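Presented below is the structure to which this report refers.
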Amino acid sequence: MVSVVQALPDSGGDEATLNRLGEGLPVEAREKLARASALAGELYAGHSLGTGEAALPHALGTALIAASLRLDLDTRLAALLFAVHDFLPDASDRVTADFGEAVAALVGGMHRLKGLRPMIQAAAGGTQDMQAQAEILRKMLLAMAEDIRVVLLRLASRTQSLRWFADKPGPARESVARESLELYAPLANRLGVWQMKWELEDMSFRFLEPDTYKQIARHLDEKRSEREGFIGVAVALLKDELAKSGVTAAEVYGRPKHIYSIWNKMRGKKVDFENVYDVRALRIIVADVKDCYTALGIVHALWQPIHGEFDDYISHPKGNYYRSLHTAVTADDGRSLEVQIRTPEMHRHAELGVAAHWRYKESGGPTKAGGSYDDKIAWLRQLLSWRDEITDSAAWVEQFKRAALDDTIYVMTPQGRVIDLARGATPVDFAYRVHTDLGHRCRGAKVDGHLVPLNTPLASGQRVEIVAAKTGGPSRDWLNASQGYLSTSRGRAKVKAWFAAQEAEEMLAQGRSAVVRELQREGQTQANLEELSHKLGFKHADDLYLASARGDVGSRDLQVVLRGVAPEEEAEIQTRASRVGESPILVVGVDKLMTVLGRCCKPAPPDPVGGFVTRGKGVSIHRIECANFRNMVTRNPERLIAVEWGGGERQDLLYAVDLLVEASDRQGLLRDISEVLLREKANVTAVKTQSKGGAARMNFTVELAGVSQLERVLTLIGEVPGVIGAQRG
């Protein structure tokens, strides 16, 4: 696309410039443009942007690009006033009073996107590769803009910056070009604005790869006369054949050559310049879809189609609603030719994309281009599907592709990395998203430099810094939904996993202590623990410790191995569950087999139970859903044995059962719960309480006659004032 901005005037009052700004608009619209230009000239005089470009020419250039895209009056006014927030303390009120709320909203949106510039620069030049973050940055730009015209203005502004760099090379040119190529050009493609996409790509490529750019440009220039002669013959032949077929309202012309596109095809297909099909290219514009396919048939009849080079984007549009027929053919002399076929409406959309939504009728009102555009505009809210040009495969890309625009926020780490989170996420969620260990050690947070509570919901565009302890773990309060510390399933899962690991460590320590105590009693403190573990059927000493903590290995088992006495010579081991010595468990098909109730799950009748044959103490009994039981059976399925309760619940047999009580802490709470247990004749053998932040968590081990008594006890505890919930542990 030829630049519409040549030598821009130094002020906004130039008549020729105003005429170009108002092209396609009603005459009365030009008065507003003149006032906006005058205000811009007054405010921007003598000021430059960070790139070094003067502010006023940049505003005029951006507005002229908006005019070339045929955007509406409000958008062109906003382009002129893009920087008023930098100069007027009451900018929003001033713009609203002079130009209306719609223009003020667009200008405000541009100002907010400008605030993201440091974030984008940090992502491009910081510790993270720009390409690795490009996809999420594009989505962030869309998510931050309530009106898609703000994004179009951002693209126009970037295009103007590159045009300025073409004449005034500066130290920032390369970084701006790379950012444009990886972020803004693909975004223009998403929005279907190919008019800007090609220019952004070609100019960025020119700045980043000047030698390659010049080489391809030289090839194009050397073949210009030959190419133009070939295209001229092809155009004449096609027009004649189309007319013979009744397709009279057809435009046929040579298509512009885009250097970046040629280079991409050379690189992607690993071919040289001569074998790139669209070096010689035609475009055919016909009246309707039927004529598109008629023209395709004529093209394929005149020249030999190249296998694998036909794409039907009419039947299957691209993700940005681009529609056209693409084919490549070989002429009689062996030269290739690429052909695009489309209708005028398809062509308008291909060139302007979403910008066509704000074209202007002569009556002065904004209109949608084409009667069906209301349906087409729906794809704006589906842009995050990014059906093509997805970045290199990485685990997080798939998650980003599925993210919903309205349900995602984008925040930044102090190092400039952009992080996407579900709306409502807190600093704790952010910490766990960055790194699990950072989440565990999170103790405070700063948002945009200010300390905030850890349950503060974050918003897009914020910079978040976590204050972390050197060591430590998460708080159980984070799992309390009512306190709002965590809103993401990822964060909650990480916290639960940490506490589960801590409990495993505690069990390991308990089991190690039990084994060491038994070794001391036996006077064998120097015993080889790995060898001892192998004798008891375990691969490692840690497995022995865990089994000891669960009750699967007792002191008698250790004594048998340490003393070298055969198990059958040992005295009969009585079941731990029985107070009178009679086992409550019947082992199916076996008479009088020694059994012991597992301490890990504490089964009680009528729980569904299973048996596991241990070494040295008979059958260990567990609840069917017990995780330890399932793990043991998975490792040694041959040691599974069927068992059942004998005779139902009996009052002469008592079973140890764990109770978990959660409550709002208050004075006398433990006393009231203990009175319930006393009335129900439930003997308490162990109790552990923890109180923090007004919440109490109590673990009781009690002896009960069975599950029916357990259910009655849980119901009565649940009725105690302040108790939130009571359940079996």
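Considering only residues that are crowded, with 20+ Cβ neighbours inside 10 Å and under 10 Å from residue 457 (Cβ atoms), which ones fall in the range 422-437?
Within the range 422-437, 425, 426, 427, 429 qualify.
Can you name the condition, by its number, that residue 457 falls short on among (1) at pLDDT 90 or above; (2) under 20 Å from the mean Cα position of the chain (by Cα); (3) in a loop (DSSP other than H, G, I, E, B); (4) crowded, with 16+ Cβ neighbours inside 10 Å?
(4)
Here is a yes/no grid of residues against (1) part of a strand (DSSP E or B); (2) in the same structural domain as residue 622 (by TED's automatic domain parsing); (3) out of contact with any Asp or Glu (no Cβ under 6 Å at 6 or more places or on another chain); (4) over 28 Å from residue 621 (Cα atoms):
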{"site": "634", "(1), (2), (3), (4)": "no, yes, yes, no"}
{"site": "670", "(1), (2), (3), (4)": "no, no, yes, yes"}
{"site": "674", "(1), (2), (3), (4)": "no, no, yes, yes"}
{"site": "690", "(1), (2), (3), (4)": "yes, no, yes, yes"}
{"site": "696", "(1), (2), (3), (4)": "yes, no, no, yes"}
{"site": "713", "(1), (2), (3), (4)": "no, no, no, no"}
{"site": "720", "(1), (2), (3), (4)": "no, no, no, yes"}
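Which of the residues belonging to the range 596-616 are charged (D, E, K, R) and either crowded, with 20+ Cβ neighbours inside 10 Å or assigned to a strand (DSSP E or B) (or both)?
Taking the range 596-616 first, the residues charged (D, E, K, R) are 599, 602, 607, 615.
The answer is 602, 607.
Can you find, within the range 302-321, the residue that is nearest to residue 192 (Cα to Cα) among those that are of a type in the set (A, V, I, L, M, F, W, C) and without any contact (Cβ under 8 Å) to a residue 40 or more places away in the chain? Walk me through it before giving the result.
The first filter runs over the range 302-321 and keeps only residues of a type in the set (A, V, I, L, M, F, W, C), leaving 302-303, 306, 310, 314.
So of that shortlist, the ones also without any contact (Cβ under 8 Å) to a residue 40 or more places away in the chain come out as 303, 306, 310, 314.
On the way: 303: 30, 306: 27, 310: 21, 314: 15 Å.
So, considering only residues that are of a type in the set (A, V, I, L, M, F, W, C) and without any contact (Cβ under 8 Å) to a residue 40 or more places away in the chain, the one nearest to residue 192 (Cα to Cα) is 314.
Would you confirm whether or not the range 298-321 contains a residue that is surrounded by 17 or more Cβ atoms within 10 Å (Cβ to Cβ) and either in contact with a Gly (Cβ under 8 Å, 6 or more places away or on another chain) or outside the structural domain of residue 244 (by TED's automatic domain parsing) (or both)?
yes
Conditions tested, residue by residue: (1) touching a strand residue (DSSP E or B) at 6+ places or on another chain (Cβ under 7 Å); (2) part of a helix (DSSP H, G or I).
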site: 213; (1), (2): no, yes
site: 237; (1), (2): no, yes
site: 246; (1), (2): no, no
site: 264; (1), (2): no, yes
site: 284; (1), (2): yes, no
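Are any of the residues in the range 657-678 over 46 Å from the mean Cα position of the chain (by Cα) and of a type in the set (Lys, Arg)?
yes
Here are some residues: 208, 191, 200. Which one is in contact with a helix residue (DSSP H, G or I) (Cβ under 8 Å, 6 or more places away or on another chain), without any contact (Cβ under 8 Å) to a residue 60 or more places away in the chain and surrounded by 21 or more Cβ atoms within 10 Å (Cβ to Cβ)?
200
Restrict the check to the range 132-141 and report whether at least one residue is assigned to a helix (DSSP H, G or I), under 20 Å from residue 188 (Cα atoms), of a type in the set (A, V, I, L, M, F, W, C) and modelled with pLDDT of 85 or more.
Within the range 132-141 (the criterion being assigned to a helix (DSSP H, G or I), under 20 Å from residue 188 (Cα atoms), of a type in the set (A, V, I, L, M, F, W, C) and modelled with pLDDT of 85 or more), the answer is no, since none of the residues qualifies.
May I ask you to list the residues in the range 493-519 that are farther than 13 Å from residue 559 by Cβ and not hydrophobic (A, V, I, L, M, F, W, C)?
Those that are farther than 13 Å from residue 559 by Cβ and not hydrophobic (A, V, I, L, M, F, W, C): 494, 496, 502, 503, 505, 506, 510, 511, 512, 513.
In this structure, is residue 250 at pLDDT 85 or above, surrounded by fewer than 12 Cβ atoms within 10 Å (Cβ to Cβ) and out of contact with any Pro (no Cβ under 7 Å at 6 or more places or on another chain)?
no
Between a first residue in the range 332-351 that is over 18 Å from residue 317 (Cβ atoms) and touching a residue at least 12 places away in the same chain (Cβ under 8 Å) and a second residue that is in a strand (DSSP E or B) and of a type outside the set (A, V, I, L, M), which pairs have beta carbons less than 9 Å apart while being 6 or more apart in sequence or on different chains?
Sorted first by the residue in the range 332-351, then by its partner, the pairs are 332/304; 336/330; 337/330; 338/326; 338/327; 339/283; 339/326; 339/327.
The values are calculated or read from the model by the stated rules, or taken from the named source; none is laboratory data. These figures come from a predicted structure and were not determined experimentally. Don't worry about glycine lacking a Cβ; one is built from the backbone with ideal geometry, like all the others, and counts go over all protein chains shown.
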